[in-house]
Amino acid sequence: MEQTGRADKMLYTLGRLELAETSLQRLPLLVLTWLVLEGPTDRRRIRELFWPDADGAASHMRVALTKLRAALPGMALTGNVLSATLPCDALDLQRAPHPHRMYPGAFLADVRTDHLSAEFQEWVLEKREQLAEVVQLGLVGEAERSVSPLQASLLAEQAVGVAGAPPLNPELISRLQALALPGTPLDATLRRERATLDGAFPAVPVASSLLGRERELVQLLAFAGGEGSQALHVVGPGGVGKTALLLAAVREWQALGHPAVYLSLEPFRSPVEVAAQLARALGVTRPVANHTFGGLGQDLATLSLLVVLDGTDQRPEWLLALNELLSAAPGVRVLTAGRAAWAEPWPHLLLTGLAVPAPQDSGAALLGTPAVQALLRAAGPYAPSLAQDLPSLGVIARRVQGLPLALRLVGRWLHQRPLPEVVHLLQGQASEAHATSLLQPILRRSWYDRTTEEQQALLLLAQAPDWHRDDLAAIAGLSRQQVQPLVEYGLLLQQEERFQVLPLLTAWLRTRQVDDPALAERHAEHHLARLLKASPTDTRLVAEQANVLQALKWRADQNRVEVLAIARLAQHFERLGLCNAGEAVLTELDAHLADKAARATLQVHRAWLAFRAGRMRDAEGLIRAVLQSEGSGEEPAFQRAVMQAHNVLAVLDGHRGMPERATASLQRAVQLARVLNDRERASVYLSNLALQQKNLGRYAEALVALAEARAHHESQGNWELVWGDELRALQVRLDDPESDPRQMLEEAQHLAERVEKASPQLQGLVLLAAAQAALLLGEADLALRYATQVKSQGGRSPDPTLRAAAELAAARAHYLRFDTPAARQALLSAASLCLELQDDAGLLDSLIVLAEDLVYASPRLAHQLATVVVGHRASNAAQRRRSAQLVNPLAGVEDGALPLAYWIGVGLEEIGARGTPKSLTYGPP
């Protein structure tokens, strides 16, 4: 993925749509808004969002991106995955301590989106409501803290009138009614709203998850803002309320204006996955090779931040990774939670049950204890009658040791059973029992109280770490109305749109050996189907990562793993730039694979992800392991994995400047593709092979490979691929000094006529080949005309390197016309584009033209530039041949350690292309 630079221009989306100091039109601004708020997005998905039905969608998108690049020169906005980082009022709003003070109007107010995709329109509406809710809640919070009843009522009235806000929900209406002055218009409005939602309000206030935890919350906030230890571990048994306490600490810390991030560790299996997810949550963009806690700590070194990691059980190996983060970022505080204490001597906060009444307590003293209050609130509408028998409530609170989860479950029993029966059910439990054993009978009773349909749904849901709301209906057949009682009962936990079966219940179900292979298969089928259908860049797959991995493990244990699913999972991680995390996930899956072919396929994908993460040695080790296990008579599936391994090895060798080895690997890949009768892959590998042979100067062999690929594409009737093969053959012959330039020009002109209705990219490449043939013939005007045609395509071609090559061809044509100033300006444009794109091939061509320019005016520098090209690992045979003509055999060889960008800068400075060009009249022949 191409990374972008950061600009200082502010993007305004609240009440208007505008990029400061620019006059960009609406559509490019909408694209920019998506990238800034949603993060890196696949180029194809951008087309689907903004040009769903338009003819020439790719062309329209290129025009929009060109305008954005012109307005934001610090951002490349190139590559398969686009990203943009800008200051934005919508982002600032979500971090602001007083969001209502910086809210001029609704998100994208009065901006038409009816001609865009339905998905984008829905996103705008959701984002508009989400931001408006932030403002609403900020106003309500400030009103609740106000000491003036009049001021509180006025703030509540502002909250009701926030532009873009969704309809008021019951909870918000309850909070607003407590603030409204009786008899005011606001009071009347809220009464009408409440009447329309008849039955939606509970008879008693919703239970506070932090009841009785005020002291612990203050301790966590003191830790977050303190100067002592950087880490604190909250430890306590299951059901004691650790997660609720952590979430409350995060909310309070953010409300005080400080940054904080919460992450549940349940879906993750390795530190690199967590580091990558934290980086995404914090908006940190790092190269794919640096998704580690140490690398993340370097980015956070100057920040003050609270990081909250929930669920550290059975993850002691992460201590080292967390210490790397803390060592690199002294301003970061890490708050963790689990049932067991860390082995590391970190400070611990022990969380026990809520305070319970003493046996001798009665009346107000008994009623006021947190445990009894939590029990009554869980009992809901039955609380008033239950309060008549306070001693029995005290017995229950003591029996369950004040555990919030137990109180919640028992409180729900009281909806169905009389109080004496509940007390009797609990009498058999020893009051001093350990919390875990204490909860088990309560869980069992709660389980048996549910209907058969609810039990079946919970059994199915327990197969996966967590579920999205939509999947509850699709897989478990649970409607929203059926989900709510399970949430209220405490057997199903909810965090935003995701749901999880109570972990203690899941563990108990496993002890009963109720795992059903049919349920596991339904889970696997659902999540693997999503993996195969979804776009690799779909962010929903990030949330489903643990489910997908579990589904693959299940299929692997049944020896039914799908190779295509492994490939799609690897592709997903690669497209999101999470290559290290993806390789770690595939490594975990590796242990479940018994099938030789499946393991080999997985190792090939692991190698590719390691290569994309910059871990060349690891990638080669994995590939060598696959190739060393190759034998005769292997089954086709294994041979296919070996074929792909040879192709990856060729990429590795080509990247390291070893074209001979890359060629040998590709020849083996082609051979295996033929054995497997996979002509499609054979044609792809042949095209890659031709490129390597061209770089080595084996032009005849390259043409033979391309002829075979072309024959296959002709048999399939895929004429655009046929024309592509013809173009590559033409490019091979343009590098061959023995080819006839006149014949090549005629072939290029003929091909240009045939590709008039092909893709703009192919058209541009053919015109560029025609320009290069004209240069070989010395026909400067014709070459300049073709180069100008390529440049005039503007944003129509998705490949920006094409424009750079066209600028370079134009520069050579200007030199042939002895128009040195124009040649140098074109050369400057070409070199600048190649530097921006990190295009080594283009930079090497630019160095050759620079050396040709300077060969008489500055022969020593021309020699230096030429020797750089001759000795560079990425130069091809034609480039080395052209450069060798400029090398002084009596001079030394230049040190190749300096980057190409350095030599480009030296050459441009010498010819004065950055200022007034020198008055040289020489142009290379």
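Determine the order of GLU909, GLU634 by accessible area, beginning with the largest, at a probe radius of 1.4 Å. All intermediate terms of the calculation are to be shown ahead of the outcome.
Numbers: GLU909 140, GLU634 40 Å².
If we order GLU909, GLU634 from most to least accessible, we get GLU909, GLU634.
Using a cut-off of 14 Å between beta-carbons, work out the net charge of the residues near ALA249 (Lys and Arg +1, Asp and Glu -1, ALA249 not included). Don't skip to the end; give the middle numbers.
On the way: positive: ARG213, ARG215, LYS242, ARG251, ARG333; negative: GLU214, GLU216, GLU252, ASP310.
With Lys, Arg at +1 and Asp, Glu at -1, the neighbours total +1.
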Calculate, for GLN885 and LYS9, the FRET efficiency according to 1/(1 + (r/R0)^6) with r their C-beta to C-beta distance and R0 51 Å; round to the nearest 0.05.
0.60
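Show me 85-91, 299-305 ranked by packing, highest mean number of other Cβ atoms within 10 Å first. Write out the running numbers ahead of the final one.
Values: 85-91: 18.4, 299-305: 14.7.
Listed from highest to lowest mean packing, they are 85-91, 299-305.
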Can you return the lysines within cross-link range of LYS553? Criterion is Cα-Cα under 26 Å, with same-chain partners fewer than 8 residues away left out.
LYS533, LYS596
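In the structure shown, do any of LYS67/LYS757; LYS127/LYS242; LYS67/LYS127 have a Cα-Cα gap over 29 Å, and if so which? Don't skip to the end; give the middle numbers.
Values: LYS67/LYS757 25 Å; LYS127/LYS242 31 Å; LYS67/LYS127 25 Å.
Beyond 29 Å between Cα atoms: LYS127/LYS242.
So what is the diffusion coefficient of segment 584-699 in µm² per second by Stokes-Einstein at 10 °C and 1.306 mPa s, using a Kirkwood Rh over Cα pairs? Please list the in-between numbers first.
On the way: Rh = 14.4 Å.
Approximately 110 µm²/s, per Stokes-Einstein.
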Of GLN603, VAL410, LEU762, farthest towards positive along the dipole that unit charges on Lys, Arg, Asp, Glu beta carbons give the chain:
VAL410
May I ask for the net charge around ALA607, where only other residues with Cβ less than 14 Å from the Cβ of ALA607 are counted and Lys, Arg are +1 while Asp, Glu are -1?
0
Which part of segment 466-507 falls in the paramagnetic zone of ALA518, meaning amide N under 19 Å from the point 7 Å along Cα-to-beta-carbon?
474-478
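Residue separation times 0.36 nm, minus the C-alpha to C-alpha distance between HIS115 and ALA301: what's the value? Don't skip to the answer; put the middle values down first.
Values: separation 186, 0.36 × 186 = 66.96 nm, distance 4.47 nm.
Net length gain for the segment: 62.5 nm.
Taking a temperature of 20 °C and a viscosity of 1.002 mPa s, what whole-number D in µm²/s does Stokes-Einstein yield for segment 517-626 with Rh from Kirkwood over alpha carbon pairs?
On the way: Rh = 13.8 Å.
After rounding, the answer is 155 µm²/s.
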Starting from the Kirkwood radius over alpha-carbon pairs of segment 452-514, derive D by Stokes-Einstein at 4 °C in a medium of 1.567 mPa s and give it in µm² s⁻¹.
112 µm²/s
For GLU909 and VAL487, what is the calculated FRET efficiency with R₀ set at 60 Å and r taken between the beta-carbons, to the nearest 0.05?
0.30
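How big is the charge dipole of segment 740-818 about its Cα centre, in debye rounded to the nearest 20, if each Lys and Arg gets +1 on its Cβ and each Asp and Glu gets -1 on its Cβ? Don't skip to the answer; put the middle values down first.
On the way: 9 positive and 9 negative charges, 54 e Å.
Approximately 260 debye in magnitude.
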Taking the Cα atoms only, what angle lies between the long axis of helix 435-449 and the longest principal axis of the chain, rounded to 10 degrees?
90 degrees
Tell me, what HN-Hα J-couplings in whole Hz come from the Karplus equation 6.51 cos²θ - 1.76 cosθ + 1.60 at θ = phi - 60° for each residue of segment 91-99, using x for Gly and Pro?
5, 4, 4, 5, 9, 6, x, 10, x
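Just the number please: accessible area per residue for the chain, 1.4 Å probe, all protein chains included, in Å².
Working: 41020 Å² over 925 residues.
Per residue, the chain has an accessible area of 44 Å².
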Residue separation times 0.36 nm, minus the C-alpha to C-alpha distance between ALA70 and TYR448: what's the value?
129.5 nm
Spin-label pair ALA901/ASP92, simplified geometry with 7 Å Cα→Cβ offset, distance in nm
3.0 nm
Using only C-alpha atoms and all pairs of different ones, pull out the Kirkwood radius for segment 631-715 in Å with one decimal.
12.8 Å
Label-point separation (nm) for ALA365 and GLN494, each offset 7 Å from Cα along Cα-to-Cβ?
4.0 nm
With R₀ set to 51 angstrom, the calculated FRET efficiency between the beta-carbons of ALA543 and ASP740, to the nearest 0.05, is 0.30
In degrees from 0 to 90, rounded to the nearest 10, what is the angle of the helix 517-533 Cα long axis to the longest principal axis of the chain?
40 degrees
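For the chain, give me the percentage of DSSP beta bridges that are antiparallel, rounded to the nearest 5 percent.
Values: 11 of 31 bridges.
So the antiparallel bridges amount to about 35 percent of the total.
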Would you grab the residues whose amide H sits under 5 Å from the one on HIS348? Only those 5+ places off in sequence or on another chain, please, with H modelled 1.01 Å from N.
HIS233
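Calculate how large, on average over all directions, the projected area of the Cα convex hull of segment 62-178 is; give the answer in nm² to one decimal.
Details: hull surface 38.1 nm².
With every direction weighted equally, the projected area is 9.5 nm².
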Restricting things to alpha carbons, tell me how big segment 820-911 is in terms of Rg and Dmax, in Å.
11.9, 35
In Hz, Karplus ³J(HN,Hα) per residue of segment 475-490 (6.51, -1.76, 1.60; θ = phi - 60°; x = Gly, Pro)
9, 8, x, 9, 7, 4, 5, 7, 6, 4, x, 5, 5, 5, 5, x
Given a cut-off of 26 Å, what percent of all Cα-Cα pairs of segment 11-131 lie beyond it?
17 percent
The ³J(HN,Hα) series, computed from each phi in segment 660-668 with the Karplus coefficients 6.51, -1.76 and 1.60 at θ = phi - 60°, rounded to the nearest Hz and given as x for glycine or proline, is 5, 5, 4, 4, 4, 5, 5, 4, 5
TYR786, TYR856, TYR902, reordered so the largest accessible area comes first (probe 1.4 Å)
TYR856, TYR902, TYR786
For the pair ALA591 and GLN455, how long in nm is the line joining their label points, each one 7 Å along Cα→Cβ?
3.4 nm
Given H placed on each backbone N at 1.01 Å, which residues far from ASP310 in sequence or on other chains put an amide H within less than 5 Å of it?
LEU263, SER264, LEU265
Cα atoms only, the chain: Rg and Dmax in Å?
33.5, 108
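If you roll a 1.4 angstrom probe over the protein chains with everything in place, what fraction of the accessible area of the chain belongs to carbon and sulfur, to the nearest %? Don't skip to the end; give the middle numbers.
Details: 21020 of 41020 Å².
Reported share for carbon and sulfur atoms: 51 percent.
Quick one: length gained pulling ARG469 to ARG754 fully straight, 0.36 nm per residue minus the C-alpha distance? Spell out each step's value before the answer.
Working: separation 285, 0.36 × 285 = 102.60 nm, distance 5.23 nm.
Once the chain is fully extended between ARG469 and ARG754, it gains 97.4 nm.
How much net charge surrounds SER479 when only the other residues with a Cβ under 14 Å from the Cβ of SER479 are counted, with Lys and Arg +1 and Asp and Glu -1?
On the way: positive: ARG469, ARG480; negative: GLU453, GLU454, ASP470, ASP471.
Neighbour charge sum, excluding SER479 itself: -2.
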Using Cα-Cα distances under 8 Å and only pairs 6 or more residues apart, what relative contact order does the chain have, in percent?
7 percent
With equal scatterers on the alpha carbons only and no solvent term, can you work out the Debye log10 of I(q)/I(0) for segment 41-88 at 0.13, 0.14, 0.15, 0.19 1/Å?
-0.30, -0.35, -0.40, -0.62
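The values are calculated or read from the model by the stated rules, or taken from the named source; none is laboratory data. The model shown is predicted, which means the values in this text are computed figures rather than measured ones. So basically every Cβ, Gly included, is an ideal-geometry build from the backbone, and we count neighbours across all protein chains shown. What goes into the accessible areas is simple: the full protein's heavy atoms, side chains included, and nothing from ligands, DNA or RNA. Shrake-Rupley method; radii C 1.70, N 1.55, O 1.52, S 1.80 Å.
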